[in-house]
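The values are calculated or read from the model by the stated rules, or taken from the named source; none is laboratory data. Since we're looking at a predicted model, the values are computed, not measured. Backbone-built Cβ (ideal geometry, glycine too); neighbour counts: all protein chains shown. The protein model used for the area step is the full one, side chains on, heavy atoms only, and it has no ligands, DNA or RNA in it. Shrake-Rupley method; radii C 1.70, N 1.55, O 1.52, S 1.80 Å.
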Amino acid sequence: LLGFNTIGRTFALKSIIAIMVLAIVVHVMPFPFITNDKLLIAIFGGFFLGLGIGLAIRGGSVIDGTEVLAIYLSKKTSLTIGDIILVFNVIIFSFAAYVFSLEIAMYAILTYLAAAKTVDFVVSGIEEYIGVTIISEKSEEIRLAIIENLGRGCTLYNGKKGFGKRGETLKETDIVYTLVTRLELSKLQTEIDKVDTDAFIVMQSIKDAKGGMIKKRPLK
């Protein structure tokens, strides 16, 4: 109901189907026994659990009720979906520690710690935006390379080179700023090197961005 009211009908329908399919597969499909090592089970179990949750979210659905609340709260707070899922499960397993044992609860929390990090990487890490500031004598050529060869937008702002003696007139320069995904960083670096191998480049992770020319445009 929360997913239907806050996200949409398609999301709710996909989630119902995904949860039903998951239940059927877990009930019917035999899973091979691999190891008795609880640490390996917790870490790799968490990784594959997070991978499944992340792929489901990227596909527009969820496979667990708490994930709907996690998606909803992530839009209202600065926490990521993985952070919220982890907080929920830490609370749940803290109570479970009294019913089962503290050791089992700790392994379960470790499982969801691995799952939370995997969820965040699959949902947003693969296409995480990187803000790139480029300072170069050939800023116009770099600007054209970004637009024409990468299909990305960019912004120019005027600055002054700060390395100079007292009283010396500082040289003005255009600074190029652009957003690219993590996967496009190497291509951007290649394009910059073609123009100016001495360009000064600063990169920083961007949590979120909207408006402007965020999505990549087709190259002409």
| request: Please build a GNM for the chain, connecting alpha carbons under 10 Å apart, and tell me which residue among Ser74, Ser101, Ser124 fluctuates the most. | output: Ser101
| message | For segment 139-202, which trypsin sites (Lys or Arg not before Pro) pass both filters: DSSP loop (anything but H, G, I, E, B) and at most 10 other C-beta atoms within 10 Å? | response | Lys165, Arg166
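Express the relative contact order of the chain as a whole percentage, based on alpha carbon pairs under 8 Å and six or more residues apart in sequence.
Reported relative contact order: 20 percent.
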| note | What helix-only [θ] at 222 nm does the chain give? Using -39500 (n - 2.57) per DSSP H run of at least 4, over all residues, to the nearest 500, the answer is -17000 deg cm²/dmol
| With helices defined as uninterrupted DSSP H runs, which ones in the chain have an alpha carbon span along their own long axis of at least 15 Å and mean Kyte-Doolittle hydropathy of at least 1.0? | 9-28, 38-58, 81-99, 102-120
| field | Top of Thr169, Thr80, Thr111 by mean-square fluctuation, Gaussian network on the chain, Cα under 10 Å | value | Thr169
| query | Considering only Cα-Cα distances, which of the following residue pairs are longer than 30 Å: Lys171/Lys194; Lys14/Lys187; Lys76/Lys117; Lys117/Lys161? | reply | Lys14/Lys187; Lys117/Lys161
| Roughly what would the spin-label model give for Lys165 and Ile17, points 7 Å off Cα along C-beta, in nm? | 7.3 nm
| said: Looking at the chain as a GNM with Cα springs under 10 Å, which of Val25, Val62, Val180 has the largest mean-square fluctuation? | reply: Val25
| Where Rh denotes the Kirkwood radius from the mean inverse Cα pair distance, what is Rg over Rh for the chain? | 1.13
| query | Taking the alpha-carbon centroid of each part, what is the distance from segment 114-193 to segment 17-43 in angstrom? | reply | 43 Å
| request: Enter the accessible area per residue of the chain (Å², integer; probe 1.4 Å; all protein chains in place). | output: 66 Å²
| task | Give the carbon-plus-sulfur fraction of the accessible surface of segment 1-147 in %, rounded to a whole number; probe 1.4 Å, heavy atoms of protein chains only. | result | 72 percent
| task | Enumerate by residue number the chymotrypsin sites (Phe, Trp or Tyr not before Pro) in segment 146-195 meeting two conditions: DSSP loop (anything except H, G, I, E, B), and at most 15 other Cβ atoms within 10 Å of the site's Cβ. | result | Phe163
